[in-house]
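Trainee: Take a look at the following structure, please.
Bear in mind that the values in this text are calculations on the coordinates, not laboratory data. Here the structure is a predicted model, which is why all the values come from computation and not from measurement. Cβ placement follows ideal geometry from the backbone for every residue including glycine, while neighbour counts extend to all protein chains displayed.
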Amino acid sequence: MIFRQFFDSTSSTYTYLLASRQGGEALIIDPVLEKVDRYIQLLNELDLRLVKAIDTHLHADHITGLEALRERTRCITVMGEQTKADVVSIRVADGDTVGIEGLTLEALYTPGHTDDSYSYILPDRVFTGDTLLIRGTGRTDFQNGDPRAQYASLFGRLLKLPDQTLVYPAHDYKGDTVSTIGEERAYNPRLQVKSIDEYVTLMENLNLPDPKMMDVAIPANMRIGLAQQIVAGHGWGVSAEEAKDLSSKRDVVLIDLREDQERRKSGVIPDSLHVPYPDVEESLKSDGVLGQVAQETGKRLVFYCAYGERSAMAVQAAHAAGFDTARHINGGMQAWLRAGGPVT
Ligand code: FE
């Protein structure tokens, strides 16, 4: 496995880059906007293709690199379903998996620092965001933070992982880089409490100043959605209502860009073709599945995903490849279901 830990000294944030092999797919956790050039450089040097970018929670102390990475690499953005960020490609719930070639992370809902905090588990390590830090825990005094929820996330969930599990947090302010669950259980001062009430009292008396970037970072991190208006301005977006009419037409093929897990959860529009988003560009080539469908049968391509972000990127790729009639469903499956569209 390729594993890199980056540090942003302004916000003391750790960012993690993961891949199963050189030349393969990569995933990044908690990217920082100012460091995006560095990530892209390393991706190029290691011949990696970034396919997913995750934020463990809505950050208050730095501006996320999610939007910039999506603009530059067309990667899929991932956050928890509770997030207040306007648009991400995939919203995960507890127990969902986030996969790339050769690697599968399990999402563990660990609220407390914020109500949208998730940890991500690999067999030998866990990315704890700001829920569990090295010899510390994330503050719980803003963004719907809740020390009771955090106690449950720590004692009921993270500390249940095997002792030897490596702990990779989203921040460190003292220069530590990694710990283990066993080490934190034994030596983390915040975890030496005897009851939930003792933990709540401890957390409610930290009296920390607000993060310097907070008034800038939180609003910025809530508006990371792809400018779908740009795609709409070209006339490439259709409403769910329009899509319902289109779906019954013989010369239209609907293309589902989502992953199997999402398809199982929310259902599929009848008769749609499944092309997972990372495969779209390849598929649009003249010998690819979509290239063949569009060229040989003259069908119009109509893309959809969960919320309209991946499909907005796919429709741009389709037009760039010369498919002038390609469209996508604004708002994706969420809008389709709201419009009462049929699913199987
Ligand atoms: Fe945080």
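Trainee: Place +1 on the Cβ of every Lys and Arg and -1 on the Cβ of every Asp and Glu in the stretch 2-221, take the dipole about the Cα centre, and give the residue among 18, 69, 208 whose Cα lies farthest towards its positive end.
Mentor: My answer, from the dipole projection, is 18.
Trainee: Arranged by the count of other C-beta atoms within 10 angstrom, fewest first, what order do 6, 127 take?
Mentor: 6, 127
Trainee: Okay, next question. Non-local amide H neighbours of residue 273 (under 5 Å, H modeled in plane, Pro and chain starts lacking H): which ones?
Mentor: Correct list: 254, 255, 256.
Trainee: Follow-up question, since we're still on this one. For the stretch 24-146, report the translational diffusion coefficient in µm²/s to the nearest whole number, using Stokes-Einstein at 37 °C, 0.692 mPa s, and a Kirkwood Rh over Cα pairs.
Mentor: Here the translational diffusion coefficient equals 223 µm²/s.
Trainee: Which Rg and Dmax, in Å, describe the Cα atoms of the stretch 228-338?
Mentor: When restricted to the Cα atoms of the stretch 228-338, Rg and Dmax are 12.5, 36 Å.
Trainee: Can you put 1, 222 in order, fewest other beta carbons within 10 Å first?
Mentor: Sorted ascending by nearby Cβ count, the order is 1, 222.
Trainee: For the stretch 39-83, count the residues as N, evaluate 2.2 N^0.38 Å, and divide the Cα radius of gyration by that value, please.
Mentor: 1.23
Trainee: Students often get this wrong, so check it: of 35/160; 35/265; 160/212; 84/194; 35/212; 174/212, which have C-alpha atoms separated by over 27 Å?
Mentor: Result: 35/160; 35/265; 160/212; 84/194 exceed 27 Å.
Trainee: Taking Rh as the Kirkwood radius, which is the inverse of the mean 1/r over Cα pairs, what is the Rg/Rh value for the chain?
Mentor: Expressed as Rg/Rh, it is 1.01.
Trainee: So how do 325, 64, 110 line up by other beta-carbon neighbours within 10 Å, fewest first?
Mentor: 325, 64, 110
Trainee: Taking loop as defined by DSSP and a crowding limit of 11 other beta carbons within 10 Å, which chymotrypsin sites (Phe, Trp or Tyr not before Pro) in the stretch 166-256 fit?
Mentor: Those that pass, being in a loop and sparsely packed, are 173.
Trainee: A follow-up question, please. Give me the percent of DSSP beta bridges within the chain that run antiparallel, rounded to the nearest 5.
Mentor: 50
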